[in-house]
Amino acid sequence: MPVSITPMIDVVFLLVIFFMTTAKFARETRADLDLPLERGEQLDRSEEQGLVVNVLVDGSLEVLGDVIDEARLRTLVLGRVGAAGDDPVALTVRADRAAAAAHVNRVVDLLSDLGVQSIRVATEVP
Amino acid sequence: MRIRGPRRHAGLPMAAQELTSMIDVTFLLLVYFMVTSVIAVREDRLRTALEAQGTPEAGDQRDFQEQVVEATVADGRPVYRLGGLVLEDRGELGSRLAQLPTSLGLVVRVDDRVSTGFAVAALQTARDAGFEEIRYEPAR
């Protein structure tokens, strides 16, 4: 009896589309920059990244692929804080290792003012 | 009258031969995207607390209770300052931090002039020394 391969082709195409779209989403939240070379906490459990704020080497801020200013970042964070309620806000700061700490300090000051109590600093595992 | 069936090549019908190339390309694409998603740079993170605003403990009283390491600049070079000690090497910083009680937590105060990598190295060194409560604080 001849075996129909049409369902297999359908599944393979679905998988291709799946991996294409997940790769695209990962690229959008993560800007192309050189993270600090540190091994991090090496925890097995996965944690929600939450809002990802990319701090580029020149100090510009990038969120979801868009370069934004502090006012826009303030709006985004306030939205997250409001939505989280009493729960801690998940927030990740990805800063270029060569960027001056002044840029990160600026972001940290803004986050502190808005009531964010903790953040995750992204690192690249060497 | 003899009716000839579809042409065959090596025992396969013509339609199956044409489909084989497409299946090959599809599998190649699948393997490509699977591999690229795995090869992506591995990232990790360091949790750090931020300075709480409007709490009664803010200010000098908290500095007296907590231990502070400063990532700052001295003589044009990035250094770590722990109490009265000026340390240039993170290994030395790690050995000094290991001598401190971890239960009191640690504040990493970061000068604007140092690089982010230098500041994050202090966070990592503190984490490696056993500190669970680490607070990142911009220097003012």
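In a helix (DSSP H, G or I), under 30 Å from B:A129 (Cα atoms), within 12 Å of chain B (Cβ to nearest Cβ) and at pLDDT 85 or above: does that describe A:V104?
yes
The residue list A:R97, A:R72, A:R120 contains one member that is over 22 Å from B:R127 (Cα atoms) and either surrounded by fewer than 17 Cβ atoms within 10 Å (Cβ to Cβ) or within 13 Å of chain B (Cβ to nearest Cβ) (or both), which is A:R72. Take the conditions (1) more than 24 Å from B:D112 (Cβ to Cβ); (2) free of Cβ contacts under 8 Å to residues at least 12 places away in the same chain; A:G50 misses just one of them, which is (2). Listed conditions (1) under 30 Å from B:R90 (Cβ atoms); (2) within 9 Å of chain B (Cβ to nearest Cβ); (3) free of Cβ contacts under 8 Å to residues at least 24 places away in the same chain are all met by A:D32, apart from (2). The conditions of being free of Cβ contacts under 8 Å to residues at least 60 places away in the same chain, within 11 Å of another protein chain (Cβ to nearest Cβ) and surrounded by fewer than 18 Cβ atoms within 10 Å (Cβ to Cβ) are met by A:G115. Taking region B:74-140 and the strands (runs of 3 or more DSSP E) fully enclosed by it, the elements with 3 or more residues that are facing chain A (nearest Cβ under 10 Å) are at B:134-138. Considering A:D10, A:D86, the condition of being under 28 Å from B:L29 (Cβ atoms), modelled with pLDDT under 90, out of contact with any Gly (no Cβ under 6 Å at 6 or more places or on another chain) and surrounded by fewer than 15 Cβ atoms within 10 Å (Cβ to Cβ) is satisfied by A:D10 alone. Summed over region B:3-49, the residues that are farther than 30 Å from B:T125 by Cβ and at pLDDT 65 or above give a count of 20.
Out of A:V93, A:V116, I need the residue that is within 23 Å of A:E41 (Cβ to Cβ), out of contact with any Cys (no Cβ under 9 Å at 6 or more places or on another chain) and assigned to a loop (DSSP other than H, G, I, E, B). Which one? Being within 23 Å of A:E41 (Cβ to Cβ), out of contact with any Cys (no Cβ under 9 Å at 6 or more places or on another chain) and assigned to a loop (DSSP other than H, G, I, E, B) holds for just one of A:V93, A:V116, which is A:V116.
The values are calculated or read from the model by the stated rules, or taken from the named source; none is laboratory data. Note that the coordinates shown come from a computational prediction; the quantities given were computed from them, not determined experimentally. Here Cβ is always computed from backbone atoms with ideal geometry, including for glycine, and neighbour counts include all displayed protein chains.
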